Amino acid sequence: MRHLSALFLFFLFLLLQISQANPPVVLPFTPDYDGDYDLFGGENYMTNDDNLMLESLTASHGMSLLKKTQTAMTNLKRLTDPLLLAKLHAPAEMQRQLYLILYWLGEADMANADVQEVLQEISRRGQPQATPADATMAEVLLFNFHTARHLGVLGFPGLVKLAQALPPIITENDNNDQNRLAFSIPILPAAQFPSISHQLFNYEIFDGSLPRASSTALNSSQIEFAKKLISRGLLPADALKAR
């Protein structure tokens, strides 16, 4: 019994010695990592391996965007091929062609491609300089792209329709309360100007009241457009004399 009491006193002495030791070190609330902050303003706890992985993911994302741009350009080259366009029934199939082109321009834009540069490259068709017809095509298609974006038809619902070669619904902008359709129409009537009925530069996206099919009179904007085409050699000089 006396032996057990001595053992108990020995352990009590050890506990008292431990209780008098220094307390555990309190870790700082915000550890110092040499001021290395990430893009969001917080501390960067990433290791070198983590950074390598992030760079790899970023590169993969960039490659994905590049792939999307290349796919868009491949389809745009196919859709603007003069040999293909010549086989289409004008103006109905040419109008549907514009919907498909706007879809792929929208895809290129979402892949962070410069749509103007995409159109310029396509219009050159591998040559140092585009022909007047192809340069005009690029100019008009770029105008159509900006018009479509202004009308709000390059969002997901609009792209779904455009991908099916159907007119998209204008759901935004212009105080539109009737969900009008953005139609593709010939700028100059194909029946009156058959020489350009298979040219993409003769088609535009349009959100107003459609002109009557029986009307043969040209409005002022149509006349100005015809004059521009004449000046570029894309219409004969007397194209407006009988109008």
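Looking at residue 138, is it without any contact (Cβ under 8 Å) to a residue 24 or more places away in the chain and under 20 Å from residue 198 (Cβ atoms)? Here the answer is yes, as residue 138 does meet what is asked. Set side by side, the residues 71, 136 differ, and just one is assigned to a helix (DSSP H, G or I), at pLDDT below 95 and surrounded by 14 or more Cβ atoms within 10 Å (Cβ to Cβ), which is 71.
Restricting attention to the stretch 64-104, which residues are among the charged types (D, E, K, R) and free of Cβ contacts under 8 Å to residues at least 24 places away in the same chain? Residues satisfying the conditions are 67, 78, 81, 87, 93. Of the residues making up the stretch 101-114, those that are surrounded by 19 or more Cβ atoms within 10 Å (Cβ to Cβ), assigned to a helix (DSSP H, G or I) and aliphatic (A, V, I, L, M) number 4.
Residues that are within 29 Å of the chain's Cα centre (by Cα) and surrounded by 15 or more Cβ atoms within 10 Å (Cβ to Cβ) were ranked within the stretch 203-243; the one that is modelled with the lowest pLDDT is 207. Filter the stretch 140-171 for residues that are among the hydrophobic types (A, V, I, L, M, F, W, C), surrounded by fewer than 17 Cβ atoms within 10 Å (Cβ to Cβ), under 23 Å from residue 201 (Cβ atoms) and out of contact with any helix residue (DSSP H, G or I) (no Cβ under 8 Å at 6 or more places or on another chain) and give the result. Matches in the stretch 140-171: 143 only.
Checked against (1) under 12 Å from the mean Cα position of the chain (by Cα); (2) of a type outside the set (A, V, I, L, M, F, W, C); (3) not in a helix (DSSP H, G or I), residue 129 passes all but a single condition, namely (1). Would you pick out the residues in the stretch 109-128 that are in contact with a helix residue (DSSP H, G or I) (Cβ under 8 Å, 6 or more places away or on another chain) and under 19 Å from residue 200 (Cα atoms)? Of everything in the stretch 109-128, those that are in contact with a helix residue (DSSP H, G or I) (Cβ under 8 Å, 6 or more places away or on another chain) and under 19 Å from residue 200 (Cα atoms) turn out to be 115, 116, 118, 119, 120, 121, 122, 123, 124, 125.
The values are calculated or read from the model by the stated rules, or taken from the named source; none is laboratory data. Please read these numbers as outputs of a predicted model, since none were measured by experiment. As a convention, Cβ positions derive from the backbone with ideal geometry for all residues, glycine included, and neighbour counts pool all protein chains shown.
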